Amino acid sequence: MKPAVFLDRDGTINREVHYLSSPEQFELLPGVGPSLRRLADAGFLLVVITNQSGIARGYFTEADLAAIHGRMDQDLAAFGVTIDRTYHSAGHPDDDDPDRKPRTGMIDKAVAALDIDRNASWVVGDKTVDILTGTNAAVRTILVKTGYGGSDGAHEVSPDAVAEDLAAAADVILERR
């Protein structure tokens with residue numbers, strides 16, 4: 001079994017853009033490439049888990065999302081980083097989609113497909129829903145202050161750690177390994 005870092009996309013990996021809908025809007029946050037490289041070099045699988053209700057709302061298509069993820073992969077490749085798997089929920093928040101965070105469907109699929117050790121893994125995200133997802137999936141959590149920084153919801157969350165950004169989150173993960 002392998003450890004993984006489950007990464008929210010918007011506000012954690014890339015600059016937060018309300019309903020990011022084209023590759024041209026995608027911009028890596030500072031330090032993300034080297035931080036993900038450090039985690040991968042330490043043996044962590046990198047798995048993106050992202051809610052994309054803009055598809056259900058008609059703001060963009062699955063093809064648009066694939067192009068955005070292609071841009072993400074290309075930008076990260078410049079740092080020698082490969083995302084091991086990317087999962088998304090295209091469901092509307094009112095839908096009963098088992099993959100939509102804070103449900104654990106995306107994590108459950110990755111654990112089964114990639115032989116992931118939940119006890120050695122982490123969820124990193126900028127929203128309360130990311131922390132709830134990790135808690136629901138019995139995975140340790142880090143709230144990053146980039147993007148929404150946890151200011152998006154009314155839920156009380158208790159992440160295992162709070163970090164300024166993904167670089168600081170990588171430090172925590174590698175220290176607590």
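Here are some notes:
- Under 5 Å from the amide H of Asn14 lie the amide H atoms of Leu29, each residue being 5 or more positions distant or on a separate chain, with H modelled from the backbone and absent for Pro and chain starts.
- Aspartates and glutamates with Cα under 16 Å of Lys127, excluding same-chain neighbours fewer than 8 positions away: Asp8, Asp10, Glu16, Asp152, Glu156, Asp160, Glu164, Asp165
- Nearest-20 debye value, the chain charge dipole, Cβ charges on Lys, Arg, Asp, Glu: 400
- Positive-pole candidate from Ser22, Phe60, Gly105, dipole of the chain, charges at beta carbon: Gly105
- Of all complete DSSP H helices in the chain, those with a Cα span along the helix axis of 20 Å or greater and a mean Kyte-Doolittle hydropathy of -1.0 or more are 62-77.
- Accessible area per residue for the stretch 1-77, computed on protein heavy atoms with a 1.4 Å probe, is 40 Å².
- q = 0.09, 0.10, 0.15, 0.19 Å⁻¹: log10 I(q)/I(0) that the Debye formula gives for the chain, counting C-alpha atoms only: -0.26, -0.33, -0.78, -1.35
- Cα coordinate range in the stretch 1-82, projected on the principal axes (Å, largest first): 39, 26, 19
- Counting only DSSP H runs of at least 4 residues, each contributing -39500 (n - 2.57), and dividing by the residue count of the chain, the helix-based mean residue ellipticity at 222 nm comes to -9500 deg cm²/dmol.
- Ranking Asp115, Asp126 from most to least accessible surface, computed with a 1.4 Å probe over the protein chains only, gives Asp115, Asp126.
The values are calculated or read from the model by the stated rules, or taken from the named source; none is laboratory data. All values reported here derive from a predicted model rather than from experimental measurement. In this analysis, Cβ positions are derived from the backbone assuming ideal geometry, glycine residues included, and neighbour counts consider all displayed protein chains. Quick note on the areas: whole protein, heavy atoms, side chains included, nothing else; ligands and nucleic acids left out. Shrake-Rupley method; radii C 1.70, N 1.55, O 1.52, S 1.80 Å.
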